[in-house]
């Protein structure tokens, strides 16, 4: 089964097939998956927040990074991509109990470098929580051996 098919098999369900223990901790629900784009839904839990009970900036960045990583899995390549930079702009808070959506897209996919982005929105998609952009480097490390 392809990695893309694995993502698609989890549509409307928690993605429990991730090789990332951190992603499993965040408990994403797959909303959509196609080559080069994924959309995940998250429930903001208390352990994901800062002292004022809003979504922690580090968790927001991790959501973007993991979603973009899942996007790279959608290409079904044997190579592994590593994040070489991640820029996150924060626009609005999310609080405990909120549902948020993260949607990715690939801006450019070259032979060695990929530029991708992730937008994180509130539940009714009327307010952007954060936007992230990243560059990833293709490595020779096989996902099947990691």
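The values are calculated or read from the model by the stated rules, or taken from the named source; none is laboratory data. None of these values were measured; they are calculated from a predicted model. Here the Cβ is made from the backbone with ideal geometry for all residues, glycine too, and neighbour counts use every protein chain on show.
Things worth noting here:
- Residue within region 119-137 that is under 27 Å from residue 45 (Cα atoms), under 13 Å from the mean Cα position of the chain (by Cα) and free of Cβ contacts under 8 Å to residues at least 24 places away in the same chain present: yes
- Checked against (1) out of contact with any helix residue (DSSP H, G or I) (no Cβ under 6 Å at 6 or more places or on another chain); (2) part of a strand (DSSP E or B), residue 40 passes all but a single condition, namely (1).
- Residues in region 4-30 that are closer than 21 Å to residue 124 by Cβ and over 12 Å from the mean Cα position of the chain (by Cα): 11, 12.
- Looking at 146, 142, 133, just one residue is touching a strand residue (DSSP E or B) at 6+ places or on another chain (Cβ under 8 Å), at pLDDT below 95 and farther than 20 Å from residue 15 by Cα, and that residue is 142.
- Filtered residue count, region 46-55, keeping only those that are buried (at least 17 other Cβ atoms within 10 Å of the Cβ), within 17 Å of residue 91 (Cα to Cα) and free of Cβ contacts under 8 Å to residues at least 60 places away in the same chain: 2
- Scan of region 7-24 for residues that are surrounded by 15 or more Cβ atoms within 10 Å (Cβ to Cβ), part of a helix (DSSP H, G or I) and without any contact (Cβ under 8 Å) to a residue 24 or more places away in the chain, ordered by number: 24
- Condition check for residue 76: modelled with pLDDT of 95 or more and over 19 Å from residue 129 (Cβ atoms): no
Matching residues to (1) surrounded by 15 or more Cβ atoms within 10 Å (Cβ to Cβ); (2) on the phi < 0 side of the Ramachandran plot; (3) touching a helix residue (DSSP H, G or I) at 6+ places or on another chain (Cβ under 9 Å); (4) assigned to a strand (DSSP E or B):
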{"position": "66", "(1), (2), (3), (4)": "yes, yes, yes, no"}
{"position": "84", "(1), (2), (3), (4)": "no, yes, no, yes"}
{"position": "89", "(1), (2), (3), (4)": "no, yes, no, yes"}
{"position": "111", "(1), (2), (3), (4)": "no, yes, no, no"}
{"position": "116", "(1), (2), (3), (4)": "yes, yes, yes, yes"}
{"position": "130", "(1), (2), (3), (4)": "yes, yes, yes, yes"}
{"position": "134", "(1), (2), (3), (4)": "yes, yes, yes, yes"}
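Conditions tested, residue by residue: (1) touching a helix residue (DSSP H, G or I) at 6+ places or on another chain (Cβ under 7 Å); (2) surrounded by fewer than 13 Cβ atoms within 10 Å (Cβ to Cβ); (3) under 18 Å from residue 24 (Cβ atoms).
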| site | (1), (2), (3) |
| --- | --- |
| 44 | no, no, yes |
| 59 | yes, no, yes |
| 78 | yes, yes, no |
| 101 | no, no, no |
| 121 | no, no, no |
